[in-house]
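Since every read-out is calculated from the coordinates, none of them should be taken as a lab result. Keep in mind it's a predicted model, so treat the numbers as computed, not measured. As a convention, Cβ positions derive from the backbone with ideal geometry for all residues, glycine included, and neighbour counts pool all protein chains shown.
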Amino acid sequence: MRRSASLLPALAASALLLTACEPPPHTQVDDPGKDGVRITSLTLPSASPSPTRTTSVSADSLPVDSGVIAAYEVTNKGTKTLTYSVVFTFMSGDGGAMTNQTATVRDVGPGKTVRGTVRAGELPPAAPRVTGAKVLEVTKVPAGEAPAAPGTCPASGIRVSADKGDAAMGLRVVGLHLDNCGTRDYTVDGYPLLELLDDDLNPVHGIQILDGSGDITTGAGPDVQPRPVLLKPGESATAGLVWRNTTEAGTAMNVPHVRVRAKAGADPVTVTPHLDLGTTGQLGVRPWERAERAERQGLSFGSGWIRSAW
């Protein structure tokens, strides 16, 4: 009996250790999803007491990983292999959005389902507890035309991408970026070649693509004349899409996708700038320029460009 009694503290400690090591519970989610993407479950850590409010800055007041993980699945119901970009929203109990996270799911074949997870990431300690998640936005492009993953270089040695753009007073700007990540010189001359596509990746008609942006805005000064741009390995060029989303009489036009070729004969890359063209029916395109030249002229496209141009 003494021996049995002596084992009780050790058994109790083992039980506490096992309880502490149990993983956070999984919550099944009945999510209809969007465009073939749905959340299947959430990993939610146990609720903890709210931290005491303080006016001082300390390690305890800095953002910490929430521990929230959403499991999802992507099903390609089409006939072509696609690459998906999915925006997930993590929500509090009152339905308010706490944070958005984006996941890229590459090379999903027709009829195939790919599963993965996405973390809510860091949240302020005083933020409401995350209790749910949903699929906010899904974009998909042909897998062979998807922008290269960060840190990779396509077989062509040329990487084409679009930034998140900028907006002010009805004016919209998105930068196109061309990086020579290969081992040979690469030359472009003039404007990128564009094809406007709808949600189903079919051509969009009825929109006038203009050389330059002078007919859309004078805020950027005179149009830059196109010229040959020689990019050595490691060098970059930039071009720009410029439009207004003014809506007057008529039907507003939205173009989610743009197929971009750096020049004639180049491999196409499909980007998703979501052109909300209003009823203007016009899209201005600025020519390729060396990235450092565009920056010197205050024409480096993307965040902050409109403020510098105006």
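For a straight C-alpha distance cut-off of 16 angstrom, the aspartates and glutamates reachable from LYS134 (same-chain residues fewer than eight places away being disregarded) are ASP30, ASP31, ASP35, GLU73, ASP94.
Straight Cα distances below 21 angstrom link LYS80 to the lysines LYS34, LYS112, LYS140, with same-chain residues fewer than 8 positions distant left out.
Other residues with beta-carbon under 10 Å from the beta-carbon of GLU137 carry, at +1 per Lys or Arg and -1 per Asp or Glu, a net charge of 0.
Rounded if a/c is under 1.5, else prolate if a/b is larger than b/c, else oblate: which is the stretch 127-284, with a ≥ b ≥ c the root eigenvalues of its Cα gyration tensor? Judged from the Cα gyration tensor, the stretch 127-284 comes out oblate (a/c at least 1.5, b/c at or above a/b).
Please give the Cα centre distance for the stretch 191-208 versus the stretch 209-263, rounded to the nearest Å. For the stretch 191-208 versus the stretch 209-263, the Cα centre distance is 13 Å.
FRET efficiency for LYS77 and THR183, Cβ-Cβ distance as r, R0 = 35 Å, nearest 0.05? About 0.30, to the nearest 0.05. Rounded to the nearest 20, the size of the Cβ-charge dipole of the stretch 123-188 about its Cα centre is 280 debye, with Lys and Arg at +1 and Asp and Glu at -1.
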